[in-house]
1. What are the ³J(HN,Hα) values, in whole Hz, obtained from phi via the Karplus relation 6.51 cos²θ - 1.76 cosθ + 1.60 with θ = phi - 60°, for each residue of region 96-101 in sequence order, with x given for Gly and Pro?
2. Can you tell me the orientation of helix 466-482 relative to the chain, as the angle in degrees between its alpha-carbon axis and the longest Cα principal axis, to the nearest 10?
3. What residues qualify as long-range amide H neighbours of residue 272, i.e. H under 5 Å apart, gap of 5 or more or another chain, H built at 1.01 Å from N?
4. Report the relative contact order of region 287-447, percent, no decimals, based on alpha-carbon pairs under 8 angstrom and at least 6 residues apart.
5. In region 315-382, what GluC sites (Glu not before Pro) fall in a loop by DSSP, with at most 13 other Cβ atoms inside 10 Å?
6. For a quick check: with amide H placed at 1.01 Å from N, whose amide H comes under 5 Å from residue 278's, ignoring anything fewer than 5 positions away on the same chain?
7. Positive end of the dipole of region 452-594, charges at C-beta (+1 Lys, Arg; -1 Asp, Glu), about the Cα centre: which of 590, 502, 575 has its Cα farthest in that direction?
8. If the cut-off is a Cα-Cα distance under 25 Å, which lysines reach residue 385, setting aside same-chain residues fewer than 8 apart in sequence?
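Nothing in this text is a laboratory measurement; each read-out follows from the coordinates by a stated rule. It should be emphasised that the depicted structure is a prediction, and the values quoted were computed from it without experimental measurement. A quick note on method: Cβ atoms are made from the backbone with ideal geometry, for glycine too, and the neighbour counts reach across all protein chains shown.
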Amino acid sequence: MPAYKAPLRDMRFLMNEVFDYPGHYAELSNGKDADPETVSAILEECAKFCEEVLSPLNLPGDEEGCHFSNNQVKTPKGFKEAYAQYVAGGWQGLSHPAEYGGQGLPMSMGLIKSEMMGTANWSFTMYPGLSLGAMNTIMQHASPELKALYMPPLTEGRWTGTMCLTEPQCGTDLGQVKTRAEPQADGTYKITGTKIFISAGEHDFTDNIVHIVLARLPDAPPGTRGISLFIVPKMQVKADGGVGEHNHVVCSAIEHKMGIKASATAVINFEDSIGHMIAEPNKGLEAMFTFMNTARVGTAVQGIAHAELSYQGALAYAKERRSMRALSGKKEPEQVADAIIHHADVRRMLLTQKAIAEGGRAMIYFAAQYSDHMVNSIAEGDEKKYKHWDDKLGFLTPILKGFLTELGLEAANLGMQVFGGHGYIKEHGMEQIARDARIATLYEGTTGIQSLDLLGRKVLVMTRGKAVREFTGHIAKFAIEHVGDAKIRAYAIRLGRLAAEWNVLTTRIMLGARKDRDVVGAASYHFLMYSGYVTMAYFWALQAAVASKKLAEGGAEKAEFYKAKLYTARFYFDHLLPRAEGHASSMTKPARSLMKMPVDSFVFE
C-alpha cells in the first residue's frame, strides 16, 4: 500500500494563490480565527495524523475487515485507538460551533481535513464522516432542545451519527419507504422498520450512535410527499445528556463488500425505537437533502482521494521499475533498462492521474467556499443569502459527485495498470484503491442519478438553463481577461468557445425534451461528463494562469512546482478535454436509438 504523503504544497497553492482563502476567511463571521498561521498549523497537524496514524492502518484494515457477532461490530485492530486520537485532537468539531464544543472554523477547513483523512484511509474516514452529515442536518432542522442534547457529544466525537434512507425494497426511489413512525402521547415517535446499506451503522468506537431516519407517519400521503425525518439514537438519551437504556436499534448483519472492508455497512432494524421528529411533518426528504448534499460533496472528495493515493503509488513505482529502453533512446545507460516513467504510455497514465487529482482538488476547494458562505448565511439568519449560495453549490454538487468519482475510479485503475501484473497483487495495495474507489460512483446516488439531478432537476426544471448561464459566465469572464496573455491565450479562446457551446447544448436538449421526455434521460450522463470536463478545464486554466504569473515574476519558490502545473494543464487540454467533444456529440443524438428497441428484444440465446 502506498504510504500517504499529504500534498501540502498543492493544497496551499490552491488556498493561498488561486482562491485567496485568507481574504475569503476575512469576510466570514466565523473566519476571524482562520488566520494564515492557524490554518497552516492545522494543515501540518492533520497531515501528521493522517501520515503516521491513519495511513499505516489502511492495508491491514482491508485485510482484516470488520468482525460481526451477536449484533455487534468490532473494527479492525488499531481503528478504535486511532478514533480515540482523532477525538482527543478535536478534529470532529473543527468546523462546528464552539457552543457545542467545536472550534467554529469555516466549513471548508473540515472538507480539507476530510480530503487528507480520506486519502490516507477512506474506510476509517467514513465513521466520523457520516457524523458530519448528521450534525449538519440537526444543526439546520432540529429544535433548540434537540440541538442542546445531541450536538455536544456529536461535535466532540463522543457519539457518531448515520443517515438511514435505503430499505430492502427501495434504493434511490425513496417514495417506496415503508418504515413507520407512530406518534406517542409524550411527543415522541416509535420507529419500526429495516434500513440497509447504513455506513458506520454499528461499531465499537463510541457508546452511542445517532441515526437520522426517514419514516412515514400513519396519515402520510403516498410517495416522497409523505416522508418525515427523525433522530433515533441506538441508546436512549437521558435528560441530562447521559446514555440510557437500549433503544431497540439492532444491527442484524453487515455487508460483505468489494471494498472499504474496514468500514461497517450495516443492516439496521428499528423495533418500536423511540425517535424525535426534526423538520416539519412530511417534509423529511427536503431536510434530508442537507445530509445528502453534505455526503455527496464528501463522496466527490473520495474521487480525488483515490486518484491522489493511486498516483502517489504509481509515481514511486514508475521511477523505480525498469523495463526496456525508451523509444527516443537510452535514458539511464548505466542501468539494465530504463525506468518505465520514460515510456510515453506510462507518462499518459501518470499525467492523467495527476490531472484528475489536482484538477479535482481545485474544483472541490472552489465549491468549499460556497459551503462557507452557506453556513455564514445561516449564522446571520439571512435566508435569501443562504438560498443564493445553496443554489450555486446545488448546481455544482452533482458535477462534483458524478464526474469526480468516475474519474477517481479511472485514476485508481490506471494506478494498477502502471504496476502491470504487480498491480493485481494485494500486498502492493493498488488493487485495494481500485476496490475502494468503486463504491464512490454508486452510493449517495449513482452517476445516472447525479446526471438526472443535474440536467433534469437543476438545469431544466429549477432554473430553465440559468444555472449553466451563470457558471459559464465565470468561464467567459476568465476567457476575456486572459485572451491577451500569450501564454494563456489558447486556453482562454478554447474556454470561451466551450462556455458558448455548453449553453447551446443546454438549449437544444431543452427544446428536444418538449417533444420527447426521454431526451433528458438519454442525454443526462453525457451532459454531466461534458460539464465536468469543461469545469475542470476552467480550473486547470486558472491554475496555469497563476503559475505562469509566478514564473514571470521570477525568483519563485520551487519553480519546478509551477512548471509542473503548466505541463499538466497542457496535457489536460490536449489529451483529456477532447473527451468532451464525444459527450457533446452523444448528448444531442435522438433518444430513439436508446428507447426504440422493445424490452422483449433484450434477450440472450
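1. For region 96-101, the Karplus-derived couplings read 10, x, 5, 5, 9, x Hz, x marking Gly and Pro.
2. With rounding to tens, the tilt is 30 degrees.
3. Under 5 Å from the amide H of residue 272: 191, 192, 193.
4. Working: 215 pairs, mean separation 56.0, N = 161.
About 35 percent, as a whole number.
5. Details: sites: 320, 334, 358, 380; in loops: 334.
For GluC sites (Glu not before Pro) across region 315-382 that sit outside H, G, I, E and B with at most 13 neighbouring Cβ atoms in 10 Å, the list reads 334.
6. Hits under the 5 Å cutoff: 229, 230, 231.
7. 590
8. Answer for residue 385, where 25 Å is the Cα cut-off: 32, 147, 283, 401, 458, 466, 477, listed by chain and number.
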